[in-house]
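To start, the structure itself, in structure tokens.
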Amino acid sequence: MNIFNLLFTAFIFSFILFHSNALNVTHDSRSIIIDGNHRIILSGSIHYPRSTAQMWPDLIRKAKEGGLDAVETYVFWNAHEPARRLYDFSGNLDLIRFLKTIQDQGLYAILRIGPYTCAEWNYGGFPVWLHNMPGVSLRTKNDIFMNEMKNFTTLIVDMVKKEKLFASQGGNIILAQVENEYGNVMEPYGDEGKSYINWCAQMADSLDIGVPWIMCQQAAPPKPMLETCNGWYCDEYKPKDPNTPKLWTENWTGWFKSWGGADPFRTTEDLAYSVARFFQKGGTLQNYYMYHGGTNFGRTSGGPYITTTYDYNAPLDEYGNLNQPKWGHLKQLHDVLHSIEYILTNGNVKNEKLSNLVMATIYQTKEKSSCFLSNTNTKIDANVNFGGINYFVPAWSISILPDCREEAYNTAKVSSQTSLMVKKLNKAEDEPSSLKWMWRPELIESTSVQGRGDVSVNKIVDQKDMANDASDYLWYMTSIDVAKDDPMLNGTVTLCVNDTGHVLHAFFNGEYIGSQWSKYGNNNVTYVFERNIKPSPGKNLISLLSVTVGLKNYGPMFDLVGAGITSPIELVLNKNDVKDLSSNKWTYKVGLNGISNKFFDTDCASKSSSKWVSDPISVDRNFTWYKTTFKAPLGNKPVVVDLLGLGKGMAWVNGHSLGRYWPSYIADKQLCKTETCDYRGRYSDSKCVSKCGEPTQRWYHVPRSFLKDGENTLVLFEEFGGNPSGIQFQTVEIGSVCINTHEGKEVELSCQDRPISKIKFASFGSPQGVCGSFDKSESDSEVDALSILEKECLGKESCSFKITEDKFGRPSCEVKKLAVEAVCEDFTF
């Protein structure tokens, strides 16, 4: 059968599988049982709103090619119901289209309805209007909240049922989730929390979806809910109910990033170790969080202070590229695990201690055995004899022997290529010089000078309550009357403003007097803004612009954590005479003029083009709008815009929000450690971080679907003051590819859809360094490996070969490795 027939047969099988009769999904203590077949499930999280609908088929195809059985997603309540009973399932919020795209690829789906998500998403996925309903209390026994939660959960379930997407209807959804990580925060809610979680289970079960419900991080949940584990490692986790299979809903493939934070990095070896260890110790379902992280478009990032990028160091990067070697090494692991699935779910299990370091786990049926050899020591490699055969098991690694004799995979022996991604200039035009900028000021006179607003009350109001999450921006304005004989006219007067840890810009009598924001690691801590002011006789206006940077999304009663300015606001005379302004008449205005009037919308912007100034361009000016037009980069590679030189603000392309930008926020230099990143030992979010002392985020994703043929428009709102003259659009591509692995491995070098143009380095023996900076050693083979690979690989998009002494000669070292770096051709259009 030729390859076309094989692919066609696979497509037809997948189509029939998920477009036919109902699937019976149950479980035992060892497996998920689908129509009588005992399965282990390898899954990955892809959040549909963090990409675009045009990206979904490619992302899901790569997930399938990577060896996944299922795709998991949250459902984001505040995205779908931004105002009560007004729903949005359009564009990248088209949940049904996303689920059907998964189905069309022949993959299962896991639907985490929540509807609380966490997910570093704004307000944990809750709509702020919910918080502002009179008498409501979130995530506890409260009729108002539970009625709203039931309404939304039922809405989602009914939509999915209508399309027959649950496995019980012949669809591909095999599991659904209600609530999320409540067990982590349940204690402060007391008995009301226990009643609430029991209600969640009853409500979910009553919806009769025909597949199991799960509750993650909820030990011993109410029946019939299944509990699951989240974390970097879940091998030691055991469900309280011995009849519940071992389910891991979030294996964190890296970590999220915060403004001021360094780049997280979880090594490929450690991630693979965590997965192999989980299945060695009886795991049933493992889900990568994230498999593709994506982008926090618009105002969706939470935190506060979560960045616009949500790359998460996942197997697919923010733009959808393969993150190699992570994607490839995990694919190999998935293939091996699938090959022994029957034995894992049906075999008897026993453990055999081989040394102080290494344990063998044997799964055995009447027909066959499969084995795991695990070395949990963080420093010492092990040479062991098992079944009369010698094995080398590196520290903090696991070898899998499908037949208990030949090693098919070791988590620390990475043979997949490493891809070095590079940013390429926009070849459609000569940027940045080709970009012609226009600008206009944000009109703040009505607020900073005149104090005009929408509503006035005699107290300080939390920003969530006043703005209802309609905008990041909220003006707080009040005035003070100063008599001619008031001591403030001759003394030192300090304005003191308490803020909840976001951003504050302050004006006094229309003059800008300063800004303040939280430093990295302190963005949940209230700070005090202090500036000296000089009152004048008569009326004096205090105008404070509060700016949220994502609402808190996690923790017990996180919904009650304040946002914006908080009491007290004081005037302090000569450091001791305090006047509290908290009970003054405060006037509030939500948003900014330019956002309300949609300066970023190309249609609206064209109607008011006469108000944009082209010459000269004002730079380093806060509260300023900038606009330019550009040509889309040629080709089909992912596009980013380099915003280095700007301060903080928001960006739009053709009216589509790219999210918040803040390239002026530099990652704390003290976060990075001097020692080399070592995969061995338990991972944490502070391990192996990088790019300290650099902008937290410099490049921002511009999905191809946002771009048009011909002229495109970029609009920026600059809040702090910056210079747009260096901005340029670039593409993200593979620059070079490397392998660095042991003798005996079959390896592949691939530039994907571009030819290999140069073999930059090749040596067999004990070459030193890493991809991009290899060096030969004295013990390397004298055979010219570079010439061999030039003949085999140049001009090809990929080339495969086996690493042997016959091919590359005999080096003088004991451990023999081949290191290669190949350059991918740079296309000209």
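Kindly state which strands (runs of 3 or more DSSP E) lie completely within region 283-386 and contain at least 1 residues that are at pLDDT 95 or above and of a type in the set (Phe, Trp, Tyr). Walk me through how you get there before you give the answer.
Numbers: elements: 283-292, 348-353, 358-364, 369-375, 382-386.
So the answer is 283-292, 358-364, 369-375, 382-386.
Being open to solvent by 40 Å² or more (accessible area, probe 1.4 Å), of a type in the set (Asp, Glu) and within 24 Å of Lys585 (Cβ to Cβ) narrows it down to one residue among Asp403, Asp469, Asp430, Asp465; which is it? Break it down into steps so the answer makes sense when it comes.
Numbers: Asp403 fails: within 24 Å of Lys585 (Cβ to Cβ); Asp469 fails: within 24 Å of Lys585 (Cβ to Cβ); Asp430 fails: within 24 Å of Lys585 (Cβ to Cβ).
Going through Asp403, Asp469, Asp430, Asp465 in turn, the sole match is Asp465.
Pairs are defined by a Cβ separation below 7 Å, a sequence spacing of at least 6 or placement on different chains, a first member in region 35-56 that is closer than 15 Å to Phe706 by Cβ, and a second member that is among the aliphatic types (A, V, I, L, M) and open to solvent by 10 Å² or more (accessible area, probe 1.4 Å); the pairs so defined are Pro49/Ala79; Pro49/Leu93.
For Glu748, indicate whether it is of a type in the set (Asp, Glu), open to solvent by 30 Å² or more (accessible area, probe 1.4 Å), in the same structural domain as Phe801 (by the TED database) and at negative phi.
Values: of a type in the set (Asp, Glu): yes; open to solvent by 30 Å² or more (accessible area, probe 1.4 Å): yes; in the same structural domain as Phe801 (by the TED database): yes; at negative phi: yes.
For Glu748, the condition - of a type in the set (Asp, Glu), open to solvent by 30 Å² or more (accessible area, probe 1.4 Å), in the same structural domain as Phe801 (by the TED database) and at negative phi - is met.
Checked against (1) more than 18 Å from the chain's Cα centre (by Cα); (2) among the polar types (S, T, N, Q); (3) in a loop (DSSP other than H, G, I, E, B), Thr117 passes all but condition (1). Among the residues of region 390-426, those identified as free of Cβ contacts under 8 Å to residues at least 60 places away in the same chain and not in a loop (DSSP other than H, G, I, E, B) are Asn390, Tyr391, Phe392, Val393, Ser399, Leu401, Asn410.
Looking across region 57-83, just one residue is basic (Lys, Arg) and either surrounded by 22 or more Cβ atoms within 10 Å (Cβ to Cβ) or in contact (Cβ under 8 Å) with a residue 60 or more places away in the chain (or both), and that is Lys62.
Based on what the data block shows, is Glu733 touching a residue at least 60 places away in the same chain (Cβ under 8 Å), open to solvent by 10 Å² or more (accessible area, probe 1.4 Å) and out of contact with any helix residue (DSSP H, G or I) (no Cβ under 7 Å at 6 or more places or on another chain)? When the stated conditions are applied, Glu733 passes them.
Within region 712-734, is even one residue closer than 26 Å to Ala408 by Cα, out of contact with any Lys or Arg (no Cβ under 7 Å at 6 or more places or on another chain) and modelled with pLDDT of 95 or more? No, that holds for no residue. Would you confirm whether or not region 235-244 contains a residue that is aromatic (Phe, Trp, Tyr), in a helix (DSSP H, G or I) and more than 19 Å from the chain's Cα centre (by Cα)? Within region 235-244, not a single residue is aromatic (Phe, Trp, Tyr), in a helix (DSSP H, G or I) and more than 19 Å from the chain's Cα centre (by Cα). Within region 297-315, the set of residues being farther than 16 Å from Lys648 by Cα and of a type in the set (Val, Ile, Thr) comprises just one member, Thr300.
Residue-wise test of (1) assigned by the TED database to the domain that holds Phe720; (2) hydroxyl-bearing (Ser, Thr, Tyr); (3) closer than 19 Å to His131 by Cβ.
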{"residue": "Val457", "(1), (2), (3)": "no, no, yes"}
{"residue": "Gln463", "(1), (2), (3)": "no, no, yes"}
{"residue": "Met488", "(1), (2), (3)": "no, no, no"}
{"residue": "Thr494", "(1), (2), (3)": "no, yes, no"}
{"residue": "Val497", "(1), (2), (3)": "no, no, no"}
{"residue": "Ser515", "(1), (2), (3)": "no, yes, no"}
{"residue": "Lys519", "(1), (2), (3)": "no, no, no"}
{"residue": "Pro535", "(1), (2), (3)": "no, no, no"}
{"residue": "Tyr554", "(1), (2), (3)": "no, yes, yes"}
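Kindly indicate the residue of region 484-510 that is among the small types (Gly, Ala, Ser) and within 30 Å of Ser301 (Cβ to Cβ) and also farthest from the chain's Cα centre (by Cα) among those meeting that condition. Per the stated criteria, the residue is Ala506.
On the basis of being among the polar types (S, T, N, Q) and without any contact (Cβ under 8 Å) to a residue 24 or more places away in the chain, does Asn509 make the cut? No, not satisfied.
One residue stands out in region 258-282 among those that are of a type in the set (Phe, Trp, Tyr) and more than 15 Å from Thr345 (Cα to Cα): the one that is surrounded by the fewest Cβ atoms within 10 Å (Cβ to Cβ), namely Phe265. The residue that is farthest from Arg405 (Cα to Cα), counting only those in region 339-386 that are open to solvent by less than 50 Å² (accessible area, probe 1.4 Å) and of a type in the set (Phe, Trp, Tyr), is Tyr363. Checked against (1) part of a strand (DSSP E or B); (2) open to solvent by less than 20 Å² (accessible area, probe 1.4 Å), Gly451 passes all but condition (1). Within 28 Å of Leu504 (Cβ to Cβ) and not in a strand (DSSP E or B), is that true of Cys692? It is true that Cys692 is within 28 Å of Leu504 (Cβ to Cβ) and not in a strand (DSSP E or B). Scanning region 635-667 for residues that are open to solvent by 60 Å² or more (accessible area, probe 1.4 Å) and either in contact with a Phe, Trp or Tyr (Cβ under 8 Å, 6 or more places away or on another chain) or more than 13 Å from Cys692 (Cα to Cα) (or both) gives Asn636, Leu644, His656.
When Glu718 is tested against the conditions (1) touching a Cys at 6+ places or on another chain (Cβ under 8 Å); (2) acidic (Asp, Glu); (3) surrounded by 17 or more Cβ atoms within 10 Å (Cβ to Cβ), the lone failure is (1).
All conditions in (1) open to solvent by 20 Å² or more (accessible area, probe 1.4 Å); (2) out of contact with any Lys or Arg (no Cβ under 9 Å at 6 or more places or on another chain) hold for Ile759, with the sole exception of (1).
The values are calculated or read from the model by the stated rules, or taken from the named source; none is laboratory data. Being a predicted model, the structure only gives us computed values, none of them experimental. Cβ sites come from the backbone with ideal geometry, for glycine too, and all protein chains shown count toward neighbours. The area values use the complete protein model at the heavy-atom level, side chains included, leaving out ligands, DNA and RNA. Shrake-Rupley method; radii C 1.70, N 1.55, O 1.52, S 1.80 Å.
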